[in-house]
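Can you keep this structure in mind? I'll have questions shortly.
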Amino acid sequence: MKPILLNDCGPEVSHLLSGLLGEKTQFMSERFEEDRRLDEYRMVVLETRADQKQVLDQISKMRYACNFRNVPIIVMRGRGDHFPIHYYITAGATEVLSLNDPPAACRQILQGYLIPDRNPLNQEMEYLKPFIDNTVHVIRTMASGTAEFREVYFSNTFRVFGDISGIVGLSGDAEGTVVLTCYWELAWKIISKMMQVQEKDINAELIHDGVGELINMIGGSTKKNFVGTHYHFELSLPTVVVGTGHQIGHPEGASIAILIFDMDNSSFALHVCLKPKKTVPNSNR
């Protein structure tokens, strides 16, 4: 079982969490190092300090270090901390709790975030696998790169914590969105290979256009797999959004699958939300 990282938490917070989550829960109390990936932890907890700007900067770096994995980042506010919660959330925090909150409520919230991610249903893998295969294929053929699919989890948040995202809307027999999101450094490498120019000659405009073209090719290739099925869709023109913490709209009530791919010692994510307009029989047997 992965441990919970207590990042520079004081004795009161450490004692509280130990009491709330039980003796069998493994904690590691140490400072966060930027060169360390956080996907080796079940959860990360940090306590707010007087320097709010430093705390917000650290949350952003922690979210980056999660490499798009589903690692909850919990902020514990001190008793005198009245800093607006939305700043912590925008920086990348999953939840903001306080030492003033009732312990029973904190326990329930924390235990909820420790529930393991569910496995995809058979009917979900029916439409996810073509997206996985075509993402790997497009990266290999268009950018001479090797993208390895690692994992999938389902999210109910619309926030995306990459630096740049390419988006296509889906409509027709099925509706939804597909979003390719990655950090600048990896986007720089992928687009330079895709356009066959040196990285030093790539600029923000070329990355913007390249990411839009990538998501368009992934969506277009995958569309062919669904011809004649209840998952068949038409693509909108791609749009590109820049800036961490941006929000993506999805159809109400639809699952949002986050597909994680590793590439060149980094990661990128494909957010897939695809909802057939007609009811799909449950094939998870």
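What follows is calculated from the coordinates using simple rules that are stated; it is not laboratory data. Quantities reported herein were computed from a predicted structural model and do not represent experimental measurements. Methodologically, a virtual Cβ is constructed for each residue, glycine included, from the backbone with ideal geometry; neighbour enumeration extends over all protein chains shown.
Grab the other residues whose beta carbon is less than 13 angstrom from that of Ile139, score K and R as +1, D and E as -1, and report the net.
-2
Please give the net charge around Val75, taking every other residue with its beta carbon less than 10 angstrom from that of Val75, where Lys and Arg add +1 and Asp and Glu add -1.
Details: positive: Arg77; negative: Glu47, Asp81, Glu95.
Taking every Cβ under 10 Å from that of Val75, the sum is -2.
Right, something else. Springs between alpha-carbon atoms under 10 Å, Gaussian network over the chain: tell me which of His86, His137, His246 tops the mean-square fluctuations.
Answer for the Gaussian network model of the chain: His86.
On to the next question. Alpha carbon centre of the stretch 11-70 versus the stretch 219-270: separation in Å?
The stretch 11-70 and the stretch 219-270 have Cα centres separated by 29 Å.
If R₀ is 41 angstrom, what is the calculated FRET efficiency for the pair His15 and Asp264, using the beta carbon separation as r and rounding to 0.05?
That gives a FRET efficiency of 0.45.
Tell me, what ³J(HN,Hα) does each residue in the stretch 97-107 have, in order and in whole Hz, if you take phi through Karplus 6.51 cos²θ - 1.76 cosθ + 1.60 with θ = phi - 60° and put x for Gly and Pro?
Along the stretch 97-107, the couplings run 10, 9, 5, 7, 6, x, x, 4, 5, 4, 4 Hz.
GNM on the chain, C-alpha springs below 10 Å: top fluctuator among Ile115, Ile260, Ile74?
Ile115
Using only DSSP helix segments of four residues or longer, with each worth -39500 (n - 2.57), what per-residue ellipticity at 222 nm results for the chain after dividing by its residue count and rounding to 500?
Only helices count here, giving -11000 deg cm²/dmol.
Further question on the same structure: Looking only at Asp57, Asp201, Asp39, which one moves most when the chain is put into a Gaussian network model with springs between Cα atoms under 10 Å?
Most flexible of the set in this elastic network: Asp201.
Still on this model: Compute the longest continuous run of the chain that contains no exposed GluC sites (Glu not before Pro); treat a site as exposed when its DSSP state is not H, G, I, E or B and it has at most 14 other Cβ atoms within 10 Å. The partial results should precede the final answer.
Values: sites that count: Glu23, Glu30, Glu33, Glu34, Glu40, Glu252.
Longest stretch, sites excluded: 41-251.
Scan (i) -0.60; (ii) -0.24; (iii) -0.29 for the value of log10 I(q)/I(0) by the Debye sum over Cα atoms at q = 0.07 Å⁻¹ calculated from this model and give just the label.
Step by step, log10 I(q)/I(0) by the Debye sum over Cα atoms at q = 0.07 Å⁻¹ for this structure corresponds to label (iii).
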